[in-house]
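See structure below.
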Amino acid sequence: MIDLLPPELLWLTVTLVVFAGAEWISRASGRHPLAHPILLSAPVLMAALLASRTSYATYAEGTRALTFLLGPAVVGLAVPIWAQRRVIVRLARPLAAALAAGCLTAIVSSVGIAWLFGAPPTVLASIAPRASTTPVAMEIASQLGGVASLAAVIVLFAGVIGGVSATHLLNLIGVRDWRARGFAVGISAHGFGAARAFQVNDTAGAFASLAMTLNAVATAVVLSIVAVIL
């Protein structure tokens, strides 16, 4: 394949093929949480990069078209949110309360647990924005004196764990309302959780997208204030 494709198309092609295979497995499994396409495709791509001794910079250059498309994809999340606008306005107060509780709980619990285990300040700063989206988390972590790359990894793990465990956990505690389920997953597991929510139910996906967006803003505001105080 390396001889047949130019470098700028090689990793784009590999990524699309691997993700298509992961998507097929996910569908065949009945959308089992552990068979999420991202969860399946990421290790395969990492193994391919390691085996071929390809740097991340080279991979990023070859897949920049996909990176560019992330922008329109995020904007596209506004469509299902707009479709639920009347419900969102009607539930504005409980949603705001849930957002505040979720945002503060995510920050305090993650930092508190890491602090109890003796984590250094750089790690605490890196883990604080773990429930926000990756770009926001990296920027906030840098402001707080943390490590942006570490923050990105922590956000990824938080999303994977949340996306995999959310369905069974919410079933276990008896949450049946798709709006509540989606909003909870969006706050705790950001984009990964929103993708999982859309696989299960469109209403849950819309509220997960809303929660993901609002929590990124709320986390940025809260931790930016902390950064100024510190």
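What to note about this one:
- Considering A83, A97, the condition of being at pLDDT 95 or above, in the same structural domain as A180 (by TED's automatic domain parsing) and surrounded by fewer than 16 Cβ atoms within 10 Å (Cβ to Cβ) is satisfied by A97 alone.
- Filtering the stretch 102-124 to residues that are hydrophobic (A, V, I, L, M, F, W, C), over 12 Å from V222 (Cα atoms) and within 19 Å of the chain's Cα centre (by Cα) leaves only V111.
- Matching residues in the stretch 125-151 - criterion: being over 14 Å from A216 (Cβ atoms) and of a type in the set (S, T, N, Q): S126, S142, Q143, S149
- Test: A218 is of a type in the set (G, A, S) and more than 14 Å from the chain's Cα centre (by Cα): yes
- Scanning the stretch 30-54 for residues that are closer than 13 Å to V164 by Cβ and outside any helix (DSSP H, G or I) yields R31, H32, H36.
- Top-ranked residue in the stretch 174-186 [being crowded, with 18+ Cβ neighbours inside 10 Å and among the charged types (D, E, K, R); ranked as nearest to A78 (Cα to Cα)]: R179
- The stretch 22-67, residues that are among the β-branched types (V, I, T) and exposed (fewer than 12 other Cβ atoms within 10 Å of the Cβ): T67
- Taking the conditions (1) touching a residue at least 40 places away in the same chain (Cβ under 8 Å); (2) surrounded by fewer than 19 Cβ atoms within 10 Å (Cβ to Cβ); (3) not in a helix (DSSP H, G or I) in turn, S132 satisfies each one other than (2).
- Here A206, A218, A189 are screened, and the one residue that is part of a helix (DSSP H, G or I), in contact with a Leu (Cβ under 8 Å, 6 or more places away or on another chain) and crowded, with 18+ Cβ neighbours inside 10 Å is A218.
The values are calculated or read from the model by the stated rules, or taken from the named source; none is laboratory data. Treat the numbers as computed from the prediction; the structure is a model and nothing was measured. For neighbour counting, all protein chains shown are included, and Cβ atoms are generated from backbone atoms with ideal geometry for every residue, glycine included.
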